[in-house]
Amino acid sequence: MIVQVSPGAVTGSVQANASKSAMQRACAAALVRKGISILRNPGHSNDDMAALGIIKNLGANIEEQPDGSLIIESNGICPISNALHCGESGLSIRMFTLLAACAAQEIQITGAGSLAVRPMDFFDTVLPQLGVRVRSNGGRLPLSVQGPVVPANIKVDGSLSSQFLTGLLMAYAASEAKDAVITVHDLKSRPYIDLTLQVMHDFGLQVPGNLQYHQFVFDGIKPEHAATIDYTVEGDWSGAAFLLVAGAIAGAVHVHGIYHTSRQADKRIVDALLDAGGYVHVGADSVDVRRQHLEAFVFDATDCPDLFPPLVALACVCRGITEIRGLKRLKHKESDRGITLQEEFAKLNVQIDLDGDIMRVHGETALRVLNSTLNSHHDHRIAMAVAVAALRSDIEVSIRNADAINKSYPDFWHHFASLGARLEGI
C-alpha cells in the first residue's frame, strides 16, 4: 500500500484508538482468571487480534456482542491446540509464551515478520529454572515449551524488555505462586510494569508486592473479586502521540479518550510537547494542542522507547538540536528504529546523529524534500512518523508499505484524514 501525503494544516477532534498495551494484557488476565470478563472498547489492531486468537487456543471462549464488546469466559489455561501464532506482536510472544508454559502439554510458538530475528534467549535461560522444558532455534523462533511452570525464586535481566517480566508476573499469578520472589536487575520501561500490575489488580489476580522494581514478591493470597469483571480498554497514548505532534507542528488537534491518570508510558509525549514550547492543555480525558513556535528540547525516552518516532517528527521542525536518550532500546523493534529513522528523515533533509545511547535531531523550520519516496520498512510507527512530518514538507511525499499501521493503529489514516490531512491512496 502506498499513501501520498501533501503538506498542509490539520485541525479537529479525534477519539483515541484502543490501547494495544492494555488490550493484550486484558486478554491475558481474562484467560488467567476463572470466570467471565467483559471487555469494552476492545482494540482491533493486528496485535490485538493475535492476542485474541492466542487465548482462544489456550482455552478461552470469546463472544462478540452487538455493541462491539467481548465476553470472555475462561476456566484458566486449558489449551485446545498445541500451536500458538503470535503474528508480529512482541508483547504477545513474550507474555503468552510464559502463559503457555503453565500447561502440561507441549506447545509450539511461532511468529512472523521481525519476530523471526528478535532474541528470545530469555526463555532458554529462565524457563528451565521453573521446571519447564524449552526448545528454541538458537535463541530465536520457533519455540517449544512444556510445563507446567513451578514458581521459584529467580533472578532475571530486565534490560532488554519489560515484556518478559510481564509474562512472568502473569504466569506466577496463573500458577498461584506462594513464597516466590522474582528479582529483577536493570529493569527498563517501568511504566509498562505499572500497567501490568494495574490490569492484574483490575481482573482480581494475585498482585505481587513491588519492592522498588527490584523484587516482586508473591505471597499466595488472592484478592476477593466479582464473579464477572467489566473492563474498559483505555485509549492509546502511543497512537495519540502522533496526532498530538501533528497538531503541535501543523494546526490544532483535540484527542479525547486518553487519561492523564493512565499507567501508559507514552503519556509522557505531553512533557516533550511542553519542553519544546508547544501549547498543550490537558483535561481529565483529553488533550488539546496547537501550533506555535517550537525550540529544541532534551528528553529521556529510555522508559518509553515507542515515543522515538513521534519525538523525531516533533524535533525535526524545532529550532536547534534536540537530544533524545534511550537509543539502545530501539534495535530490536519492528525495524532497527534508530537507523530507520535516520535513513527516512534524511530524505526530508533532516540530519539525525546516532551516538551511543543518544539520538540528536537537527531541526529545520521547513522540510525540503530530497527524496519524495519514503518507506515504512514495515514498521507501523515509522509510517506514522514520516506522515506527520510530511505536513511540514515542501512537496507531496509517498509512503511505501503504509499499511504497516494495521499492527497497532488500523484507523490512523482515516483519523489523519478526518483532521484535514490531504491523503491519496487510503
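The values are calculated or read from the model by the stated rules, or taken from the named source; none is laboratory data. No experiment lies behind these values; they were computed from the predicted model shown. Note that each Cβ is placed from the backbone with ideal geometry, even for glycine, and that neighbours are counted across all protein chains shown.
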### Query
Out of all the residues in the range 64-79, which are in contact (Cβ under 8 Å) with a residue 40 or more places away in the chain and either of a type in the set (Asp, Glu) or under 18 Å from GLY147 (Cβ atoms) (or both)?
SER74, ASN75, GLY76, ILE77
### Test: residue in the range 206-224 that is surrounded by fewer than 20 Cβ atoms within 10 Å (Cβ to Cβ), outside any loop (DSSP other than H, G, I, E, B), in contact with a helix residue (DSSP H, G or I) (Cβ under 6 Å, 6 or more places away or on another chain) and in contact (Cβ under 8 Å) with a residue 24 or more places away in the chain
no
### Query
Could you list, in sequence order, the residues of the range 145-195 that are charged (D, E, K, R) and over 17 Å from the mean Cα position of the chain (by Cα)?
LYS155, ASP157, GLU176, LYS178, ASP179, ASP186
### Pick from the range 70-87, criterion part of a loop (DSSP other than H, G, I, E, B) and touching a Leu at 6+ places or on another chain (Cβ under 6 Å), ranking: surrounded by the fewest Cβ atoms within 10 Å (Cβ to Cβ)
PRO79
### Lone unmet requirement of (1) in contact with a helix residue (DSSP H, G or I) (Cβ under 6 Å, 6 or more places away or on another chain); (2) surrounded by fewer than 21 Cβ atoms within 10 Å (Cβ to Cβ) for ASP202
(1)
## Note on the structure
Among the residues of the range 80-139, the number that are in contact (Cβ under 8 Å) with a residue 60 or more places away in the chain and touching a His at 6+ places or on another chain (Cβ under 6 Å) is 1
### Message
Of everything in the range 174-199, what is polar (S, T, N, Q), at pLDDT 95 or above and either surrounded by 22 or more Cβ atoms within 10 Å (Cβ to Cβ) or within 19 Å of GLU234 (Cβ to Cβ) (or both)? Give them in sequence order.
### Response
SER175, THR196, GLN198
### Task
Could you grab the pairs with beta carbons closer than 9 Å, sequence gap of 6+ or different chains, first residue in the range 347-358 and closer than 26 Å to ASP394 by Cβ, second one among the charged types (D, E, K, R) and part of a loop (DSSP other than H, G, I, E, B)?
LEU348/GLU364; LEU348/ARG368; ASN349/GLU364; ASN349/ARG368; VAL350/GLU364; GLN351/GLU364
### Residue check, ASP303 under 28 Å from GLY113 (Cα atoms), in a loop (DSSP other than H, G, I, E, B) and not hydrophobic (A, V, I, L, M, F, W, C)
yes
### Message
On the basis of being over 21 Å from the mean Cα position of the chain (by Cα), outside the structural domain of SER372 (by TED's automatic domain parsing) and either more than 30 Å from ARG422 (Cβ to Cβ) or free of Cβ contacts under 8 Å to residues at least 40 places away in the same chain (or both), does GLY53 make the cut?
### Response
no
### Message
Please verify whether ILE229 is modelled with pLDDT of 95 or more, outside the structural domain of TYR409 (by TED's automatic domain parsing) and either under 25 Å from MET359 (Cβ atoms) or outside any loop (DSSP other than H, G, I, E, B) (or both), treating the condition exactly as stated.
### Response
yes
#### Entry: Hey, LEU195 hydrophobic (A, V, I, L, M, F, W, C), touching a Lys or Arg at 6+ places or on another chain (Cβ under 7 Å) and under 23 Å from SER37 (Cα atoms) or not
yes
### Message
Suppose we filter GLY35, GLY12 for residues that are in the same structural domain as ILE80 (by TED's automatic domain parsing) and touching a Ser or Thr at 6+ places or on another chain (Cβ under 8 Å); which single one remains?
### Response
GLY35
### Message
For the range 395-425, give me the residue count where each residue is under 24 Å from LEU115 (Cα atoms) and touching a residue at least 60 places away in the same chain (Cβ under 8 Å).
### Response
13
### Check on ASN371, without any contact (Cβ under 8 Å) to a residue 40 or more places away in the chain, more than 24 Å from VAL253 (Cβ to Cβ) and either out of contact with any strand residue (DSSP E or B) (no Cβ under 7 Å at 6 or more places or on another chain) or not assigned by TED's automatic domain parsing to the domain that holds VAL298 (or both)
yes
### Query
If you check ALA366, ALA346, ALA313, which single one turns out to be small (Gly, Ala, Ser) and in contact with an Asp or Glu (Cβ under 9 Å, 6 or more places away or on another chain)?
ALA366
